[in-house]
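Novice: Attaching a single structure in C-alpha cells format; questions to follow.
The values are calculated or read from the model by the stated rules, or taken from the named source; none is laboratory data. What you are looking at is a predicted structure, and each value in this text was computed from that prediction instead of being measured. Here Cβ is always computed from backbone atoms with ideal geometry, including for glycine, and neighbour counts include all displayed protein chains.
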Amino acid sequence: MKTKHTVSFIIGNGFDIGVLCALEKVFLTSYKEFYAYLSYFLKTQNNSIYEAIRSLDNDSLWVDYELLLENLVENKKLEIEKETDRQEQKKIYDTFIDDWKEIQYKFADFLNYVITPDTLKRVSALKGTKTLGSFLGDLQKEDWEKIAFKNYPRYQSEIEYKIFNFNYSTLADNYFFHLFDRHPYNVSDNNTDFYPNPRGFKGEGYIQKYDKKSLRSTIKFYHPHGQLSIPESILFGIGYNRKTYQTSTSSTSNFHENFGEKLTKKLDKLYWSELGAEKDIEIIQTDLFIIYGHSIGESDKWWWQKILQALARGDAELIIYDYDSQNLKNQIIDYFPDLKESVENKIFVINFDDNTPLNYAFNFKRENARE
C-alpha cells in the first residue's frame with residue numbers, strides 16, 4: 001500500500017482577499033482597488049496599457065486585464081509587422097515594454113502598500129493547521145462518501161503538501177508556514193494530524209469523527225507567476241505555451257531582431273514560469289488537487305489541462321472551492337471536454353459565500369477571532 005500521499009493546493013487571489021477581509025484591512029488586492037491606485041499614482045498617464053484599461057471601463061476582474069493584455073499584444077504585433085523601418089519597429093516594441101514594466105512595478109508598489117509586514121505577522125498567527133487537516137469536512141455527505149482520498153492516509157504515513165501560490169504575495173506562505181517544523185517531538189517523526197471524517201458522518205463502516213491520523217508531513221511552496229520581493233518576476237501576460245522563440249534572424253551579412261516574436265516571448269507567462277517536465281512530474285504525482293480562490297481563466301489553461309489529464313490518467317481527485325457558485329467545475333472541464341466522462345465524478349465542488357462561510361478549511365475570520 002502506498003505510504004506517501006501528495007496534496008497540491010492551487011491558490012488564487014481569492015485567498016489574499018479572504019485573509020485581508022478577515023483581518024479587517026482597509027485595502028484589498030482586488031483589481032478594482034489596483035485600478036484606483038494606478039489611476040492616482042501612475043506618472044505616465046499616456047501609458048498605452050493604462051489607456052486601454054481606462055477605455056475598457058471594467059474594473060472588476062483580473063482575468064479581464066489579462067484578456068486586455070492579450071489583445072494589446074496582438075495589435076502591437078500587427079503594428080510591428082506593418083512597419084518596414086526596423087528602427088520604428090524597435091521603437092514600438094520598446095515603448096510597449098516600458099509601459100508594461102511601469103505597470104508591473106506600480107503593481108509591486110500597490111502590493112507593498114496593501115500587505116505590510118504587520119499583515120504578514122498576523123497571517124502567520126492564523127496558522128493553516130485546520131485547513132490542512134480538516135478540509136474534507138467542507139464536503140457534503142454525498143461527495144464525502146465518494147471521495148477516495150479519505151481512505152488513503154494511515155497512521156504514520158506521509159503527506160506532502162504542495163502550495164502552488166499564483167499570487168505575488170506571500171500571504172499563503174505565511175499562513176501555512178508552521179509545517180516547516182518537521183520534528184516537533186522527541187519521540188515521534190509525526191508533525192501533523194489528519195481528520196478523514198471531521199463532520200462525523202454516520203454510516204456502516206464510517207470513520208469516527210475524532211479518529212485522527214498522526215502523520216509525517218512536508219510542505220513546499222511554488223510561485224508560478226513570480227513574487228513581490230522580485231518585481232521583475234511578476235508575470236502579467238498570456239499563456240502561449242511555447243518552449244522556444246526565434247527572436248532574431250541572422251546571415252553572414254545581416255542580423256535582424258524579430259520584435260513581434262520578442263513581444264510574445266516577453267509576455268508569455270508559461271515560458272517565464274519554466275513549466276515543463278519538472279512541473280509535469282509534480283502534477284502527475286499528486287493524489288488530490290484543491291483549487292481555492294482561483295478563477296479558471298484562459299491564461300492558465302496549461303494548468304487546467306494538466307490537472308484534468310492527471311485525473312483521467314489515474315486515481316487523482318480534485319476539490320474546487322467555488323465562491324458564489326460560479327460553476328467552476330464546468331469551466332475547468334471545458335478546457336478538455338474529451339475527458340469529461342472520465343473526470344467529472346472525480347471533481348468535488350464546495351460552494352460558499354459570505355452568507356454561508358466555510359466551517360473547516362480557510363475559515364479566516366474564525367481563526368482571526370482566536371488569534
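Novice: Considering each of Asn197, Asn190 in turn, give the residue that is out of contact with any helix residue (DSSP H, G or I) (no Cβ under 8 Å at 6 or more places or on another chain), not small (Gly, Ala, Ser) and not in a helix (DSSP H, G or I).
Specialist: The unique qualifying residue is Asn190.
Novice: Scanning for something at pLDDT below 85 and of a type in the set (Asp, Glu), does region 259-267 turn up at least one residue?
Specialist: So far as region 259-267 goes, no, none of its residues is at pLDDT below 85 and of a type in the set (Asp, Glu).
Novice: Still on this model: Quick one: which helices (runs of 4 or more DSSP H) sit completely within region 278-371 and have at least 1 residues that are under 22 Å from Leu126 (Cα atoms) and out of contact with any Gly (no Cβ under 8 Å at 6 or more places or on another chain)?
Specialist: Filter on region 278-371 gives 364-369.
Novice: A further question on this structure: So Thr244 clears everything in (1) modelled with pLDDT of 90 or more; (2) part of a loop (DSSP other than H, G, I, E, B) except one condition, right? Which one?
Specialist: (1)
Novice: Enumerate the pairs (first residue in region 358-371 and modelled with pLDDT under 95; second residue anywhere and acidic (Asp, Glu) and surrounded by fewer than 19 Cβ atoms within 10 Å (Cβ to Cβ)) with beta-carbon separation below 9 Å, excluding pairs fewer than 6 apart on the same chain, so at least 6 apart or on different chains.
Specialist: Asn368/Glu24
Novice: May I pose another question? Suppose we filter Ile49, Ile17 for residues that are within 21 Å of the chain's Cα centre (by Cα) and hydrophobic (A, V, I, L, M, F, W, C); which single one remains?
Specialist: Ile17
Novice: Among (1) touching a Pro at 6+ places or on another chain (Cβ under 7 Å); (2) surrounded by 14 or more Cβ atoms within 10 Å (Cβ to Cβ), where does Tyr105 come up short?
Specialist: (2)
Novice: Select from region 200-236 the residues that are at pLDDT below 70 and either small (Gly, Ala, Ser) or outside the structural domain of Ile163 (by TED's automatic domain parsing) (or both) and list them in ascending order.
Specialist: Correct list: Gly205 only.
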